[in-house]
């Protein structure tokens, strides 16, 4: 049952190293998200669990685009199913065994291995199609300006990772099947598993000696598990963090109607005071402890934690940008870029704090202007198309509105047309430059 030449001590060392690095990166992400302002999203827990189950686990918003949705569901289910096999690989690696679950599961083990293989093959096909859509068909949303450089390379690297991992998995099983079939008395290689896909690859090993096939099987096994360890820790640098963060992101999503915007408490109090007929117009307003130091957001630390979680969760799929009417008409705005810029700035601020032992040293930059321009922000129509189409409930509009609020209330930097409109509302009770007495004069010419 035990494989003497398997250096399981090395495996344990690699497993622990990968786990420590992964934990360190996850804590870094958590610390960066907690740089944002606290926000209470613990209400409606039942509805939140349903939202997470429906969107993150059930992939309900992905299938709205049938082709890409179906392919993604295949990859997603394959990821979940094949990771069950990872449990056995880890146990085998730690204890130096081979297919340790087979004697305990009997015929169920054959069904499991067959299922793993079928999904590995389907994932391989789906990933190849994804690569062709991105690099051969060159779908427009994958070739926007924000997708140059690292984002483009990252998307391709993920696909290459998955192709290599699935190929190694099938190669490992094909070699195992060949040994079981042609060398039934081979030490450690018990008759276990069903191999509906890899059995057709086993003919490639025809004529090879037992030692050669065992070496091939062990090499594929080691490369597969090391590849998984590398992939696990590559997630921190990749858009594929959504594999992990989609679940908390959909749980803490805004469940209110998308057309509703939260009122600023300070502004609301002032408006109520203005509308109160009994209020003294000359009274000095009382200072409130709830009044913020800054209205809106000019940098990532002004945003709330859910907005920062959104930024880390973004898949960079571009559905938001492809649905954005401002982007479709040639405006600078790209909701995907808003999320990518927020994540990049947050990572920069987090690294700054970590480097300076918990203290942020001003770097002369901020999210507004250095990453996101006012022109992008004012191009938004606030239609919520980006929010509606996002497959994991990311809300770029909330960041846009927070930064707009800063421009208006802190910088008095609203566009001229908007200032005129607000002045008209204040003076005339309507967006138009006509007083209330003249409002119906137009009917005289009919």
So the FRET efficiency between residue 328 and residue 230, C-beta based with R0 = 35 Å and rounded to 0.05, is 0.35
Please report how far the C-alpha centroid of region 375-408 lies from that of region 172-186, rounded to the nearest whole angstrom.
57
Take region 168-256, drop everything but the C-alpha atoms, weight them equally and run the Debye formula without solvent; then report log10 I(q)/I(0) at 0.13, 0.16, 0.20, 0.24 Å⁻¹ to two decimals.
-0.57, -0.70, -0.88, -1.11
Protection proxy ranking, peptides 105-113, 92-100, 168-176, average beta carbon neighbours within 10 Å, highest first
168-176, 92-100, 105-113
20 Å reach of a label modelled at residue 111, 7 Å along Cα-to-Cβ, counting backbone N of region 75-91:
77-88
Quick one: angle between helix 416-428 and the longest Cα principal axis of the chain, in degrees between 0 and 90, rounded to 10, please.
50
In percent, what relative contact order does region 8-251 have, based on Cα pairs under 8 Å that are 6 or more apart in sequence?
27
Once you keep just the Cα pairs under 8 angstrom separated by 6 or more residues, what percentage relative contact order results for the chain?
19
Whole-angstrom gap from region 203-259 to region 37-92, using each part's C-alpha centre
15
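Using helices alone, I'd like the mean residue ellipticity at 222 nm for the chain: each DSSP H run of four-plus residues gives -39500 (n - 2.57), total over residue count, nearest 500. Don't jump to the answer; show the numbers that get you there.
Values: 18 runs with 256 residues, N = 446.
Calculated from helices alone, the mean residue ellipticity at 222 nm is -18500 deg cm²/dmol.
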For the chain, the longest principal axis of the Cα atoms and the Cα long axis of helix 8-33 enclose an angle in degrees, to the nearest 10, of 10
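Fully extended, how many nm does the chain gain between residue 26 and residue 266 (0.36 nm per residue separation, minus their Cα-Cα distance)?
Details: separation 240, 0.36 × 240 = 86.40 nm, distance 3.59 nm.
Here the answer is 82.8 nm.
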I need the Debye-formula profile for region 319-372: one equal scatterer per C-alpha, no solvent, reported as log10 I(q)/I(0) at q = 0.12, 0.17, 0.28, 0.30 1/Å, two decimals.
-0.38, -0.61, -1.04, -1.11
Region 182-333 shape via C-alpha gyration tensor axes, a/c threshold 1.5
prolate
Would you mind estimating how fast region 124-186 diffuses translationally, via Stokes-Einstein at 4 °C and 1.567 mPa s with the Kirkwood radius over Cα pairs, in µm²/s?
93
Sort all Cα-Cα distances of region 1-155 into consecutive 5 angstrom bins from zero, then give the percent of pairs in each bin up to the one containing the longest distance.
2, 7, 9, 11, 13, 16, 16, 13, 8, 4, 1, 0
Would you please classify the overall shape of region 295-336 from the alpha carbon gyration tensor, given that a ≥ b ≥ c denote the square roots of the eigenvalues, rounded means a/c under 1.5, and beyond that prolate means a/b larger than b/c while oblate covers the rest?
oblate
Quick one: helix 396-409 against the long Cα principal axis of the chain, what's the angle to the nearest 10°, folded into 0 to 90?
30
So what does log10 I(q)/I(0) come out to for region 338-437 at q = 0.15, 0.19, 0.21, 0.24 Å⁻¹, using the Debye formula with one equal point on every Cα and no solvent?
-0.78, -1.02, -1.11, -1.23
If you count, for each residue, the other Cβ atoms within 10 Å and average over each peptide, how do 417-426, 372-381 line up from highest to lowest?
372-381, 417-426
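Each value in this text was obtained by applying a stated rule to the coordinates, not by laboratory testing. Values in this document were obtained by computation on a predicted structure and should not be read as measured data. Please note: Cβ atoms are built from the backbone with ideal geometry, for glycine as well, and neighbour counts cover all protein chains shown.
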